[in-house]
Amino acid sequence: MSVDESLFRAINRLTGQLDMLDWFALTLSNSSLLWAPGILLTGYWLWLSWREALLAAPLLAASIGLLDFLGARVKDLVARPRPCMTLSDIHQIEACGKTFGFPSNHAINTATAAAFFHVLYPRSGWVSWPLVGLIGLSRVYIGAHYVTDVLGGWVMGGLFGAGAAWLLLRYFRMRRAREHHAV
């Protein structure tokens, strides 16, 4: 048994032990529930700095959309079956996904957003990264992904989200420098 399968089994065997934990994992895995905090966060962002939000929010949305699309393409290239497709004795509380498992798009999308905000607002990490971790763990818990599927998604999303935010900060700095020198 590989290390990845061992880690998967160690987490997944907890499934079905506590109804509340199962509910929590399913709730975290429900991607439609991420729209509510996203809308609240956007409203707060607009209140905090509407100019920044009007430029950065579409960049973040485009980054998540692009990475979600690329994640699906990588899944097709790697063609790694999900554990719920290959392991018969797992605890599964949700239907098995239709596509392959590596990388986890839940992990990609959440890490993209967390890294993006962490670069722009470093103190946001104490909220966003634990949420990213819990969502990734929930994907293993419910039987949808191996741990490395989630880790791969975190790396892809984290690097891209941080890079996009870094480019945005450079744009603002260059723009401010040009405005300062033009005066």
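Listed values, structure above:
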| quantity | calculated |
| --- | --- |
| R0 of 30 Å, Cβ-Cβ distance Arg51-Met85: FRET efficiency to nearest 0.05 | 0.05 |
| Inter-site label distance for Tyr44 and Arg9 at 7 Å from Cα along Cβ, in nm | 4.1 |
| Computed [θ] at 222 nm, deg cm²/dmol, the chain (DSSP H ≥ 4; -39,500 (n - 2.57); rounded to nearest 500) | -25000 deg cm²/dmol |
| 27 Å tail of the calculated P(r), the chain, as % of Cα pairs | 33 |
| Computed magnitude of the charge dipole of the chain (debye, nearest 20; Cβ of K, R +1, Cβ of D, E -1) | 760 |
| Gain on full stretching of the segment that runs from Cys96 to Ser32 - 0.36 nm per residue minus C-alpha separation | 21.3 nm |
| Over the chain, relative contact order from alpha-carbon pairs under 8 Å, at least 6 apart, % | 29 |
| Rounded FRET efficiency, nearest 0.05, which uses the C-beta distance separating Arg170 from Leu21 and R0 of 30 Å | 0.10 |
| Calculated FRET value between Ser2 and Phe69, using beta carbons and R₀ = 25 Å, to 0.05 | 0.30 |
| Peptide ranges 103-113, 138-148 listed from the most packed, as the mean C-beta count within 10 angstrom indicates | 103-113, 138-148 |
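Readers should treat all values here as calculations from the given coordinates under stated rules, not as data from a laboratory. Just so it is clear, the model here is predicted, and its values are computed rather than measured. Reconstructed Cβ throughout: ideal geometry from the backbone, glycine too, with neighbour counts over all protein chains shown.
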